[in-house]
């Protein structure tokens, strides 16, 4: 099948990009455009050329599947195609509708005129993949819309509607419908009136606010993107517009683009891009699986988690029944929801009318009978199996046939919970992360008997409410919290061995973690992990072996909520302050266990914590709890503050090199008194021996 369609509309050649789904500018499409352009220029009957895409997309930009392959560099490369358009001896008009992003927008910038549908989406989003525009975007866009506006678009990667650029040199006309008829009409006007073939490259920038905009953006990037090289390089490239000859600036832009392409940060961000698209493909769930309708949702528990869960559905326009056992608890939950929405209102991200519309979808109740017609019931009650038994037994008797019953448990056995009902096929885990109305991650826990349409319905619903849904099998802690236990064990051992909470947090935050583990513990509440460790010991029938964090809890230091944990906190402040009492508890623990503290450097802290995650991730993969390594990366990126520029714990291990990871784990496992989890996972060892990484 040809990647372009070529037809004559009177004296105008209409070249239509036809490379579904989004006219990605891979080698085939680039070649098709070049050949069609050459055909039009060689036909004496053709007076003008219109370049169009589909209603869905003019072009979504580069074909990311070709990155890092010979096809990406195969001629004609995109800069060559754009130069051919720009230097064509006949006027070229781009007709833009749908998505026009990245290389697609750069292609349109090479035309002499542009007509766009008002709602067309324009962007240069390369920075989101750790890159920068590499086919003239940093040079042509500032000339078309002004340097400050172009700088903002390029550094943020933000998408804008075409209507915003009406009246600028970017667009010669903005229309409400199909832009092709308007582009054909403009083509004939240009020919009839002998209008010049305008080249954006010939525009001279004269903007007194340019330097100020560049300085402000540099300050912003230094503060917010310190781990990523691309935003700063974007600024440098845009600055070239002011004084560097156009062709030289293009060359420097291209050189920087190619250099960024091979950076670990860009590789990580491209990995995330691919991972997010793979996550929705669930093994054993055929495409086209019929979904169950979800018109009303019930949430049991109006605490912080239950209220946050309810907000996800209210914000998506889905009615919610919110259940509590006591009126005061119910009122607190409703107040929490309203207060959260009012906070969004104050930020200008919600109107008063929208707030009231969402609140009107909420039905508070004290009776399970209100759940008779819900399509999905989600419990967010105390993390105790007996409490879950009571809830699910009641739901089983009250909810209609075909209703999906979900648990928000963080650790407990979803299959055991499903067994409390007579409909285990309708039961699964929907593990939201706190605050549930903010955090993007949703672990969808597939029980042994969960029906395929139940899983497919919840994956689709997750997308509707704006969540990144990752399917997990059943095990203690699922994907994220199971790995977190190993991360926590590595942290505990490092503090016992000689590291301080401040050093640990500093080392991991310098690595890029949003917050160090001791600060996270204080924020979440150290008593949560304490209760989990005691539960696991009880289930295993062995005495609990307290770690330093447990000693803090025994002293009533649960974190921010008690004013002290690993750190101390002044009244009304969340600023962590070093506390001599913490050091006394650490010293006492070391003395009790005969530990002589040693010097630990930051590199060892990062290595132990990251490799503990990757090793447990390998076990999770081997057991089939996660379908793919990239799913594990997405869990940590979206739920645990893992730095995006590192790509996730599994990707990071691959970049380090799995043989190096295995050697380090073997070294840790050989230390006196080392815990068994340091033994390298068999999958990790096998991949290292085969010279592979986590796919």
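The values are calculated or read from the model by the stated rules, or taken from the named source; none is laboratory data. Keep in mind the model is a prediction, meaning the values are calculated, not measured. Every residue, glycine as well, gets a Cβ built from its backbone with ideal geometry; the counts of neighbours run over all protein chains shown.
Tabulated results
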{"item": "Filter result for the condition that a residue is assigned by TED's automatic domain parsing to the domain that holds residue 72 and buried (at least 24 other Cβ atoms within 10 Å of the Cβ), over 146, 167, 134, 157", "result": "134"}
{"item": "Out of 612, 618, 544, 626, sole residue that is outside any helix (DSSP H, G or I), within 26 Å of residue 684 (Cα to Cα) and assigned by TED's automatic domain parsing to the domain that holds residue 676", "result": "626"}
{"item": "Residue among 314, 291, 322 that alone is within 17 Å of residue 380 (Cβ to Cβ), touching a helix residue (DSSP H, G or I) at 6+ places or on another chain (Cβ under 8 Å) and outside any helix (DSSP H, G or I)", "result": "322"}
{"item": "Set 132, 153: member being closer than 30 Å to residue 267 by Cα and not in a helix (DSSP H, G or I)", "result": "132"}
{"item": "Yes/no for residue 228 being surrounded by 15 or more Cβ atoms within 10 Å (Cβ to Cβ), more than 22 Å from residue 107 (Cα to Cα) and over 27 Å from the mean Cα position of the chain (by Cα)", "result": "no"}
{"item": "Condition met for residue 61 (farther than 12 Å from residue 111 by Cβ, crowded, with 17+ Cβ neighbours inside 10 Å and assigned by TED's automatic domain parsing to the domain that holds residue 162)", "result": "yes"}
{"item": "All positions within the range 196-206 that are loosely packed, with under 14 Cβ neighbours inside 10 Å and either within 17 Å of residue 110 (Cα to Cα) or in contact (Cβ under 8 Å) with a residue 24 or more places away in the chain (or both)", "result": "196, 202, 204"}
{"item": "Residues of the range 253-277 classified as without any contact (Cβ under 8 Å) to a residue 60 or more places away in the chain and buried (at least 16 other Cβ atoms within 10 Å of the Cβ), total", "result": "0"}
{"item": "Subset of the range 68-110 [surrounded by 17 or more Cβ atoms within 10 Å (Cβ to Cβ) and in a loop (DSSP other than H, G, I, E, B)]", "result": "76, 77, 88, 90, 91, 97, 102, 110"}
{"item": "Subset of the range 589-598 that is in contact (Cβ under 8 Å) with a residue 60 or more places away in the chain and over 19 Å from residue 558 (Cβ atoms) - its residue that is surrounded by the most Cβ atoms within 10 Å (Cβ to Cβ)", "result": "590"}
{"item": "Unique match (being surrounded by 15 or more Cβ atoms within 10 Å (Cβ to Cβ), modelled with pLDDT of 95 or more and under 18 Å from residue 638 (Cα atoms)) among 479, 495", "result": "479"}
{"item": "Which numbered condition residue 489 misses (of (1) in contact with a helix residue (DSSP H, G or I) (Cβ under 8 Å, 6 or more places away or on another chain); (2) buried (at least 23 other Cβ atoms within 10 Å of the Cβ))", "result": "(2)"}
{"item": "Test: residue in the range 344-362 that is assigned by TED's automatic domain parsing to the domain that holds residue 403, modelled with pLDDT of 95 or more and part of a strand (DSSP E or B)", "result": "yes"}
{"item": "Sole exception among (1) touching a residue at least 24 places away in the same chain (Cβ under 8 Å); (2) assigned to a helix (DSSP H, G or I) for residue 216, by number", "result": "(1)"}
{"item": "Among the residues listed as 151, 129, 147, the single one being closer than 20 Å to residue 232 by Cβ and more than 27 Å from the chain's Cα centre (by Cα)", "result": "147"}
{"item": "Some residue of the range 372-387 being part of a helix (DSSP H, G or I) and touching a residue at least 40 places away in the same chain (Cβ under 8 Å)", "result": "no"}
{"item": "Checking residue 434 against (1) modelled with pLDDT under 95; (2) in contact with a strand residue (DSSP E or B) (Cβ under 6 Å, 6 or more places away or on another chain); (3) not assigned by TED's automatic domain parsing to the domain that holds residue 624, the condition it does not meet", "result": "(2)"}
{"item": "Condition broken by residue 633, with the remaining ones in (1) within 15 Å of residue 606 (Cα to Cα); (2) surrounded by 19 or more Cβ atoms within 10 Å (Cβ to Cβ) satisfied", "result": "(1)"}
{"item": "Qualifying residue in the range 516-538 (condition: closer than 23 Å to residue 652 by Cα, part of a loop (DSSP other than H, G, I, E, B) and assigned by TED's automatic domain parsing to the domain that holds residue 587)", "result": "yes"}
{"item": "Single condition residue 293 does not satisfy, out of (1) modelled with pLDDT of 95 or more; (2) surrounded by fewer than 14 Cβ atoms within 10 Å (Cβ to Cβ); (3) over 30 Å from residue 367 (Cα atoms)", "result": "(3)"}
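Results for (1) free of Cβ contacts under 8 Å to residues at least 12 places away in the same chain; (2) within 21 Å of residue 672 (Cα to Cα); (3) touching a helix residue (DSSP H, G or I) at 6+ places or on another chain (Cβ under 9 Å), shown as yes or no for each residue.
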site: 555; (1), (2), (3): no, no, yes
site: 587; (1), (2), (3): yes, yes, no
site: 600; (1), (2), (3): no, yes, yes
site: 607; (1), (2), (3): no, yes, yes
site: 617; (1), (2), (3): no, no, yes
site: 623; (1), (2), (3): no, no, no
